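What follows draws every value from the coordinates through simple rules; no lab data is involved. Predicted, not measured: the structure shown is a model, and the values here were computed from it. Here the Cβ is made from the backbone with ideal geometry for all residues, glycine too, and neighbour counts use every protein chain on show.
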């Protein structure tokens, strides 16, 4: 884009201009002169692209399975592939399931804080009796 050609240079006397003569004077194409005189004419609108996924049709099914049984992503993938003829890849299913599971874990986690010295933590674990073989 040439910076030396401005509207002020082109409209020096306020008279009607010949684009071809100005193009010869500035050693450029007449379209360059026209772009400087009529910038609105050459503006392009950005197209907004809407992305769709192969998984969009199956998101309700996946959400229901996660709420009911917390099925892993591999199980959901094979369910969609066999029962619902899903033709997508495992990776998109895995990404969607992991994002949903993160949200579920955040909802289920209850955190609280108390004053120091008033809070403790206890872990319960089943112990096994070890019998020495004699």
Starting from the Kirkwood Rh over alpha-carbon pairs, what translational D in µm² s⁻¹ does the range 56-108 have by Stokes-Einstein at 37 °C and 0.692 mPa s? 295
Label model pair residue 18, residue 87: point-to-point distance (7 angstrom along the Cα→beta-carbon line) in nm is 6.2
